[in-house]
Amino acid sequence: MLVLVAALTYAFTGSAAQLGWIALLAVAAAPSFLARGHAVLAPLGRFGEVVVTCLAAGSVADAADAAGRVTNGFGAEAVLPYLAVPLLTAALRRRQTEGMALLGASAVTMAVSGFAFGTLAGGYYAVCVQWLVQGAIITFATETMRQLLQPPDPTPQPYAEATRLLTQLRSVARSLPGATLDPGGISEHLLEELRVVAPGHRAAVLSASGGGRLVVLAQTGAERVDWETTLDADSGIADAWATQQPQTASRSQARSHQGGDVSSLVVPLVAGVRTIGLVILETDASGAYPSAVVQAVTEVTGPASLRLEAALLFDDVRSLATNEERQRLAREIHDGVAQELVMVGYGIDNAQATLPEGAEETAEELRTLRAEVTRVITELRLSLFELRSEVDRNGGLAAAIAEYARTLGTSAGLRVHFTFDESTARLPAATEAELLRIAQEAITNARKHAGASNLWVTCTVDPPYAEIEVSDDGKGFADTRPDGRYGLTIMAERAERIRGRLKITPRHPSGTTVAVVLGTPPRRDSVRDSVSAPEGE
């Protein structure tokens, strides 16, 4: 561009002296060319190019008028094409604000140059306006042209994108301490960190669950603290959730606190703009949480919020994938093997109906075979029911276990006895799902292998404590069938996943008791709503 402008300048003016402007322009362009990435020198260089170009326009137009080669100020056309260089450079670097400033500087300098060199003629105005308009087009249209000319990125397919994200999540999870994304484990680690900066008597981590309620992920201190788990109550918990700011109070956030001096601190766990949980700290003393302690606590909870959000999201993805897979298996069994077995049963019925007289031995074999097919179909239907069983958001864990036990008890002729003691507070959804599966496996084992007549199901839920117990009056562990032992292994793995304890003991005088225990047994004076069904109902 410098060579072109130099040639046009000499052609319009016939004066070598005017080429000094081109040399000055080369000097002004040096910083933006040699230090193009510098945050200060490069913009100053482009500003210098604009000023020199517009000053040269007035001088060259005046010299061209004097030489008589180009008149009426049109000689500015020789230099002004260089104006595109700094403006285009700023636009390509996506510095639109700088481009607008360069345009403003160009207009002012053109006016000053025309007045200084006495070239305020119509042609000079026309040329200046023309290049200002072209400069504006360069400044504002370059980014749009870049986007239009850039080949579109291929839109990833939903499942391909999901695979990519889950692969990344798996890699990240393996690099974490303990290679886990367990919300309970992360919450317990957070409480251990907070115990160093803010010692207290009680602490808990709560997260949001369905129905506008909170569930306890981890707690420390007393054996049982009946935390307020609703967000519509007048409490520091509700205020911290709504304001996303730490809240201190001189009263306990537990519904069953006995009174006395107490200080509580509720810190929201915020990830981005969303509150994902709360940390509650309490001390049996007044004024225990000054601003310095609050600041120290928030410095710990800030990074922990992101870790906990990742764990909760991973838990949701895992639960969703598991439920979808269970539903898919149920559909395939119902539409495939179950229907084919029904057709086999119909075939056996037709064969029985067409048997000739006297074929008693064959008829007996067909009746035996028909009974076996009926038994397998019944087992499949119960398996479908088990696959489709879930803990309803409104019904709760006890209701889901009761429905399953009633259905299987009726099919096996078992007398089922229920004892339920369930708080209005809820466990985390993933924990409820695992407890339901453990109870289902225990009930199924009793029905299939124990040869029992009675089944006792006890469900005690008082978060974060829970205990599910299934007892039968069958033959105990005399049956060593591999599938029964495999069921016990599955139950143990599920209990370990939710940090629970599986206990299998003989029942006197006969039978087996399978129990899974989560947390520490609560005090019996805790606030709860109990639902207990008499034996036999």
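The values are calculated or read from the model by the stated rules, or taken from the named source; none is laboratory data. Computed from a predicted structure; not experimentally measured. Cβ: placed from backbone, ideal geometry, glycine included. Neighbour counts: every protein chain shown. Each accessible area value is taken on the protein alone, full model and side chains, heavy atoms only, with ligands, DNA and RNA left out. Shrake-Rupley method; radii C 1.70, N 1.55, O 1.52, S 1.80 Å.
Descriptive notes on the structure:
- Count of residues meeting criterion [open to solvent by 70 Å² or more (accessible area, probe 1.4 Å), touching a residue at least 24 places away in the same chain (Cβ under 8 Å) and more than 50 Å from the chain's Cα centre (by Cα)] in the range 328-384: 0
- The single condition from (1) more than 24 Å from residue 302 (Cβ to Cβ); (2) at pLDDT below 85; (3) open to solvent by 80 Å² or more (accessible area, probe 1.4 Å) that residue 175 fails is (1).
- The strands (runs of 3 or more DSSP E) located wholly in the range 413-514 that include 3 or more residues which are open to solvent by less than 60 Å² (accessible area, probe 1.4 Å) occupy 415-422, 454-462, 465-472.
- Taking the range 117-129 as the range and being small (Gly, Ala, Ser) and surrounded by 14 or more Cβ atoms within 10 Å (Cβ to Cβ) as the test, the residues that pass are 121, 123, 126.
- Every pair of residues 6+ apart whose Cβ atoms lie under 6 Å, when the first sits in the range 214-236 and is closer than 19 Å to residue 200 by Cβ and part of a strand (DSSP E or B) while the second is of a type in the set (Val, Ile, Thr) and at pLDDT 80 or above: 217/205; 218/205
- Among residues of the range 52-106, those that are within 20 Å of residue 29 (Cα to Cα) and of a type in the set (Phe, Trp, Tyr), counted: 1
- The residues of the range 88-109 that are open to solvent by less than 50 Å² (accessible area, probe 1.4 Å), of a type in the set (A, V, I, L, M) and modelled with pLDDT under 90, listed by number, are 90, 91.
- For the range 385-412, taking the residues that are under 35 Å from the mean Cα position of the chain (by Cα), among the charged types (D, E, K, R) and assigned to a helix (DSSP H, G or I), the one that is farthest from residue 469 (Cα to Cα) is identified as 388.
- Evaluating residue 468 against the criteria (1) at pLDDT below 90; (2) in contact with a Cys (Cβ under 6 Å, 6 or more places away or on another chain) leaves one unmet condition, (1).
- Subset of the range 385-412 (residues that are touching a residue at least 40 places away in the same chain (Cβ under 8 Å) and in contact with a strand residue (DSSP E or B) (Cβ under 7 Å, 6 or more places away or on another chain)): 396, 397, 398, 401, 402, 405, 409
- As for the range 63-73, it holds no residue that is surrounded by fewer than 15 Cβ atoms within 10 Å (Cβ to Cβ) and at pLDDT 90 or above.
- Out of 266, 262, 279, one residue alone is farther than 14 Å from residue 206 by Cβ, open to solvent by less than 50 Å² (accessible area, probe 1.4 Å), β-branched (Val, Ile, Thr) and out of contact with any Cys (no Cβ under 8 Å at 6 or more places or on another chain). It is 262.
- Options 415, 328, 375; residue that is closer than 28 Å to residue 474 by Cβ and out of contact with any Ser or Thr (no Cβ under 8 Å at 6 or more places or on another chain): 375
- Scanning the range 309-359 for residues that are hydroxyl-bearing (Ser, Thr, Tyr) and not in a helix (DSSP H, G or I) returns a single hit, 354.
- Of the residues making up the range 23-44, those that are crowded, with 20+ Cβ neighbours inside 10 Å and without any contact (Cβ under 8 Å) to a residue 24 or more places away in the chain are 31, 42.
- Count - residues of the range 248-300 that are among the basic types (Lys, Arg) and under 16 Å from residue 228 (Cβ atoms): 2
- In this structure, residue 290 does not qualify as of a type outside the set (Asp, Glu) and under 27 Å from residue 424 (Cβ atoms).
- The range 17-68, subset within 60 Å of the chain's Cα centre (by Cα) and of a type in the set (S, T, N, Q), residue farthest from residue 90 (Cα to Cα): 53
- Of all positions in the range 283-302, at least one carries a residue that is open to solvent by 40 Å² or more (accessible area, probe 1.4 Å), touching a residue at least 40 places away in the same chain (Cβ under 8 Å) and not in a helix (DSSP H, G or I).
- Annotation: of all residues in the range 185-203 being over 25 Å from the mean Cα position of the chain (by Cα) and open to solvent by 70 Å² or more (accessible area, probe 1.4 Å), the one that is farthest from residue 221 (Cα to Cα) is 196.
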